[in-house]
Amino acid sequence: MNLPVMVPGLDRGLVLEWARRVDRGPFSSLAAGERITFPNPEMLVTLAAAAAVTERVRIVPTVMVLPLHSAVWAAKQIATLDVMSGGRVVLGVGAGARQEDFRAVGAQFEGPRLQRLEEQVALMRRAWAGENVVPGALRPVEPLPVQPGGPEILAGSLWPRSIRRAARWADGLCGFSFGPSLQEVGGAFEGARKSWAEAGRPRPPRLVTSFWFALGPRAEAQRDEYLRRYLNFLGAEVAEKLLPTVTTTSAQALRDALVGLRDLGTDEVILVPTTLDPDEIDRVADLLG
């Protein structure tokens, strides 16, 4: 379950309520995504708060847009989150696509972001292994993660080229699908399995995807309000056309989507809520039985 970080108005009480309910429910992970020029709380601070009031679920930044960050600073932040969560972090990373977020933090958008992402992941893993990655520094970057060598890293890759590149450095995929589209997800997963095999990886990729949903008493209106706001960077006309492509606005539609994704061999689904109402967690839990 994703925290509803992209819904305006999320405060301390709601973050802690969502985190505690998710930890008590039939969920495997608690996730949050990253934006800069948007009314969302900062991702890692929010997940640290969630880690402090949970004991069981994995803590998943997905995705951290690594080219927005210094790799060494990100390595220290993620290692600290792993310590604070008792070794429960799984890290999703991506190259980013919103130029305004890059401008906001003074990061370079132009150029080979996939290559930079790959280089950053390599540097972070060296830091997590205890190697001194800062020339002339008296000590390595610490603390070291609880998980030896650092947490599992999943690539937020959606397209064939980026999936092929991810096979060189990632432990799996953490994709996203609007519908969700089983054809789209299945194609990405098949491409990942093939790319991991061609790269000679000894273990198959971990296959994770995510999608939006709405189950409340005004589910379709809730979906539309959320997507108009979240997709405004595409323009109002494009956003309106995309609204009906998100079909998981009923218990039956959500159940069908989860069954279809299970049958594709999905290892984990991250559900992305479109409301601040924590009762949405219980609606999903009831649906899952």
Q.
So in region 43-56, with the set limited to residues that are of a type in the set (Val, Ile, Thr) and farther than 29 Å from ASP101 by Cα, which one is surrounded by the most Cβ atoms within 10 Å (Cβ to Cβ)?
A. THR54
Q.
Take residues that are closer than 14 Å to ILE153 by Cα and under 20 Å from the mean Cα position of the chain (by Cα) and tell me which of the helices (runs of 4 or more DSSP H) falling wholly in region 61-130 contain 1 or more.
A. 71-84, 113-128
**Q.** Candidates ALA239, ALA285, ALA221 - the one that is touching a Gly at 6+ places or on another chain (Cβ under 9 Å), among the small types (Gly, Ala, Ser) and part of a helix (DSSP H, G or I)
**A.** ALA285
(Q) Can you find, within region 157-178, the residue that is surrounded by the most Cβ atoms within 10 Å (Cβ to Cβ) among those that are among the polar types (S, T, N, Q) and not in a helix (DSSP H, G or I)? (A) SER157
**Q.** Residue in region 26-49 that is among the small types (Gly, Ala, Ser) and in contact with a Phe, Trp or Tyr (Cβ under 9 Å, 6 or more places away or on another chain) present
**A.** no
Q | Number of the condition not met by GLU190 [criteria: (1) surrounded by fewer than 19 Cβ atoms within 10 Å (Cβ to Cβ); (2) closer than 25 Å to SER28 by Cα; (3) in contact with a Ser or Thr (Cβ under 6 Å, 6 or more places away or on another chain); (4) not basic (Lys, Arg)] | A | (3)
Q | Enumeration of residues in region 134-155 that are among the charged types (D, E, K, R) and within 28 Å of the chain's Cα centre (by Cα) | A | GLU142, GLU152
Q | Unmet requirement for GLU268, which otherwise passes all of (1) surrounded by fewer than 21 Cβ atoms within 10 Å (Cβ to Cβ); (2) over 18 Å from the mean Cα position of the chain (by Cα) | A | (2)
Q | Residue within region 155-169 that is under 16 Å from ALA75 (Cβ atoms) and in contact with a strand residue (DSSP E or B) (Cβ under 9 Å, 6 or more places away or on another chain) present | A | yes
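For every residue, the table says whether it meets (1) modelled with pLDDT under 95; (2) closer than 16 Å to ARG88 by Cβ; (3) polar (S, T, N, Q).
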site	(1), (2), (3)
ARG20	no, yes, no
LEU30	no, yes, no
ASN40	no, no, yes
LEU47	no, yes, no
ALA52	no, yes, no
ARG56	no, yes, no
LEU68	no, no, no
Q. Somewhere in region 99-117, is a residue in contact (Cβ under 8 Å) with a residue 12 or more places away in the chain, at positive phi and surrounded by 20 or more Cβ atoms within 10 Å (Cβ to Cβ)?
A. no
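The values are calculated or read from the model by the stated rules, or taken from the named source; none is laboratory data. Please read all numbers here as calculations on a predicted model, not as lab measurements. Here Cβ is always computed from backbone atoms with ideal geometry, including for glycine, and neighbour counts include all displayed protein chains.
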